[in-house]
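Only one structure is covered here, and it is reproduced in the block below.
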Amino acid sequence: MVTFFAIAQIIVALAVIAILILQSKGSGGLGGVFGQSDGVYRTKRGAEKLLFNLTIVLIVILVILSIVMIVIN
């Protein structure tokens, strides 16, 4: 049982990493760091919103798996 949860944690963690890499915005997201004003308000739509929501779901699953692993051990 512990092995199953450990493998599930690894798979979910790799999925989170892959989705975070897909969400990278390039140099446009770093504009605010170097003084460029971010005056345009943009909402997430389509694939961007799907990736954002999927990231939240996967992080919650990862936290739950971690808590279950602690309780089991």
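Which value in nm describes the separation of the simple spin-label points at Leu14 and Ile72, placed 7 Å from the Cα toward the beta carbon?
With each label point 7 Å from Cα toward Cβ, the separation is 1.8 nm.
Need the full-extension length gain, Ile21 to Ala47, defined as separation in residues times 0.36 nm minus the C-alpha distance. One decimal, nm.
8.0 nm
None of the figures in this text is laboratory data; all of them are computed from the coordinates on show. Source: prediction; values computed, not measured. FYI the Cβ positions are ideal-geometry reconstructions off the backbone, even for glycines, and counts take in every protein chain you see.
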